[in-house]
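Here is the structure we will look at.
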Amino acid sequence: MQGHATTLSARTQTWLLAAVVLVVLPHLPRMPGWITLFAIGVGLFKLLLLRRPWHQPPRMLLALLTVAASAAVFFYYSTLLGKQAGVALLIVMLALKLLELHTLRDARLVIYLSYFLVITNFLFTQTIPIAVYMFVATLVITAALSAITHTSRQRPVGSHLRLAAVLLAQALPIMLVLFVFFPRVAGPLWGLPKDAYAGMTGLSDSMTPGAISSLAQSGATAFRVEFFGPAPAAELRYWRGPVLWHTDGRTWSPGRIGSYPRKPPDAVQNRGEALRYAVTLEGHDKPWLLALDLPVQISTRAVYTVDFQWLSYRPVRERIRYEATSWPHYDTGPLHSPLRKAALQLPEGVSPRVQELARDWRARADNDRAVVQQALDYFRSQPFVYTLQPPLLGDDPVDEFLFETRRGFCEHYAAAFVVLMRSAGVPARVVTGYQGGEYNPVGDYWLIRQADAHAWAEVWLPAAGWLRVDPTAAVAPERIEHPLDLDLQAAGTPARFRLLETGLLVRSWRRLQFAVDAVNNHWNQWVLSYGPQRQLELLAALGFRQASWREMALTLLLLIGGCLLGIALWMLLRTPGPSDPVLQAWQRYCKHLARLNIRRGASEGPRDFARRAIAAHPELAAQVCSITELYIRLRYGKPLQDSHEVKQLQQLVRRFPQHAG
């Protein structure tokens, strides 16, 4: 009880304040403005109290602030649970706890809350910089724990940091053993908050004008691909996602096709060489597994749909890696009656102009392929513009786009093309996914961003089955060869692309970006995505073939026991030095004199020792006197050590000659 009531010094409270600031700081940009101002205001007020001790805030006021802050968080988020609301409440409570920070018990509570708040940062981002930053924050928190433990006398800042670094270094081997050998399970061990996946972006299961163009203005990574062999040409790099069959004239969706029987992969006939590759897919909170068109095999548990799409059994909410096989040239075979009906569905009230244009193409064409060619020629010959920010469309978006605005993104062209094909009696559907990608020469993989999101069409032809047709390529062929340049887009103007970079500075900058992304990729593969499959791969490389849970548990116990035994032996066998920096400096000084054949006696005082040293080496008299007098003043004269004088003593000892002459 007495320890809990110990009053904390201003210096110890400053340690705690620094630790809390480091942990809370990354959260502030994602918090509401009032929480940011509240946390900053409380921190500044606490700092002012440490500099100028006033009366502490009364308990009644703190209780009222606690109730008011909790109510504010509840009314802002409509809950006190979840990722955002929970972290906001934790920050508010931790800030208020600083205002009543008086005893050792308060300090320990602040430290435990700070350790917990470190973990919450990884709910929002798990990049290498935030991991390094949180390690530094943990180091400072542990140093603060050292500061509240050593309350008998003041210690230099470096002493607490060194002790914290030693403790973390001792924990590091055990952490690595647990990370590598602790049996992994698919999915988290506990339920995450409902809003844990709110920030994920990716393709939707529906498409309206502007949906994909909004997604395409994001530079976030969608997935990375490593080919087991040469990569396909740009015109073949179509990454298949949701397939959309039904439209109400504005919105496209899968319709009822999702309830149709699944199609086995062997129904597709290969017309060329297969491509094998590995995909590292970012979490997007949807079930689809992106794969190169046309995917036929995949290494993870998934279902194969009637429209040649692989779907996971549960939403992809964490980064996953899988291998896949695709056939870039294929024949899908006949089109059965239910699918033909879905591929010819049209919304009510297709405009007369659209129907007339489609009938004209049909009248002048000998077959369906000729109808497709006339549609592509129409897009090439008319003044269509490919832009990320097209004008808004009214009640009949297809008619307005084809005959009035003629400015659109890929979803406008794909939707209009499919409506025209169906009006001409050609079965067609919309396919969404990604197109292209950028090669990273440093990591030897392809990077596909959200900016590569794309929509195209598929038509069914009797001689070939489903055939990919990209009407966007007829208007902007650069879209297939080059990625979008997100920095050069303007409303209503043609889309700008990142062409060949020839400048030395630009190429150097791009290579640096590739190197950073390659490092992030390795971090993702071996740290963030270290799941059951990765664990088995690593254990197999270490010689554990088909390791069972029992073998891993036994190995884990043996390795942790070995680490603990090694640390214990090191602590027992090493010669413990004094923790007092003044005494450490004095002992080093005595060792220097011992090398000069002047050894201090067990009961010899500092001044007697100094007189004997001066008699043996008169040339060192000034240095011996300075060190001796400063040591006596620090060791016996002052109740609290002056950090400046401690550093001065350490400097004098370092400069003291260690050899005669």
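The numbered conditions (1) assigned to a helix (DSSP H, G or I); (2) modelled with pLDDT of 80 or more are all true for residue 560 except (2).
Scanning the stretch 268-288 for residues that are among the charged types (D, E, K, R) and at pLDDT 85 or above returns 273, 276, 282, 285, 286. Test residue 279 against the criterion of being of a type in the set (Val, Ile, Thr), under 25 Å from the mean Cα position of the chain (by Cα) and assigned to a strand (DSSP E or B), and give yes or no. Spelling it out, residue 279 is indeed of a type in the set (Val, Ile, Thr), under 25 Å from the mean Cα position of the chain (by Cα) and assigned to a strand (DSSP E or B). For the stretch 371-381, the criterion of being buried (at least 19 other Cβ atoms within 10 Å of the Cβ), touching a residue at least 40 places away in the same chain (Cβ under 8 Å) and over 46 Å from the mean Cα position of the chain (by Cα) is satisfied by at least one residue. Just to check your reading of the model, which residue among 344, 357 is more than 30 Å from residue 536 (Cβ to Cβ), surrounded by 15 or more Cβ atoms within 10 Å (Cβ to Cβ) and within 45 Å of the chain's Cα centre (by Cα)? Of 344, 357, the one residue that is more than 30 Å from residue 536 (Cβ to Cβ), surrounded by 15 or more Cβ atoms within 10 Å (Cβ to Cβ) and within 45 Å of the chain's Cα centre (by Cα) is 344.
Of everything listed in (1) closer than 28 Å to residue 281 by Cβ; (2) modelled with pLDDT under 90; (3) outside any helix (DSSP H, G or I), the single unmet condition for residue 411 is (3).
Of the residues making up the stretch 381-399, one or more are over 17 Å from residue 478 (Cα atoms), in the same structural domain as residue 451 (by TED's automatic domain parsing) and among the small types (Gly, Ala, Ser). Counted as qualifying within the stretch 427-543 are the helices (runs of 4 or more DSSP H) with 3 or more residues that are over 25 Å from the mean Cα position of the chain (by Cα) and either modelled with pLDDT under 70 or loosely packed, with under 15 Cβ neighbours inside 10 Å (or both), namely 478-481, 504-523.
Restricting 162, 153, 184 to residues that are at pLDDT 60 or above, assigned to a loop (DSSP other than H, G, I, E, B) and of a type in the set (D, E, K, R) narrows the list to 184. Under 7 Å by Cβ, and 6 or more places apart or on different chains, what pairs join a residue from the stretch 261-272 that is under 12 Å from residue 297 (Cα atoms) with one that is modelled with pLDDT of 80 or more and among the aliphatic types (A, V, I, L, M)? Close Cβ pairs (under 7 Å, with a partner that is modelled with pLDDT of 80 or more and among the aliphatic types (A, V, I, L, M)) amount to 265/296; 268/294; 268/296.
Any residue in the stretch 608-617 that is of a type outside the set (Phe, Trp, Tyr), out of contact with any His (no Cβ under 7 Å at 6 or more places or on another chain), within 19 Å of residue 648 (Cα to Cα) and in a helix (DSSP H, G or I)? Checked against the condition, which is being of a type outside the set (Phe, Trp, Tyr), out of contact with any His (no Cβ under 7 Å at 6 or more places or on another chain), within 19 Å of residue 648 (Cα to Cα) and in a helix (DSSP H, G or I), the stretch 608-617 yields at least one hit.
A residue that is touching a helix residue (DSSP H, G or I) at 6+ places or on another chain (Cβ under 8 Å), among the aromatic types (Phe, Trp, Tyr) and modelled with pLDDT of 85 or more can be found somewhere in the stretch 252-267. At least 2 residues being among the aliphatic types (A, V, I, L, M), under 26 Å from residue 160 (Cα atoms) and modelled with pLDDT under 80 is the threshold, and among the helices (runs of 4 or more DSSP H) wholly inside the stretch 1-119 those reaching it are 33-51.
The values are calculated or read from the model by the stated rules, or taken from the named source; none is laboratory data. Since the model is a prediction, treat every value here as computed from it, not as a measurement. Backbone-built Cβ (ideal geometry, glycine too); neighbour counts: all protein chains shown.
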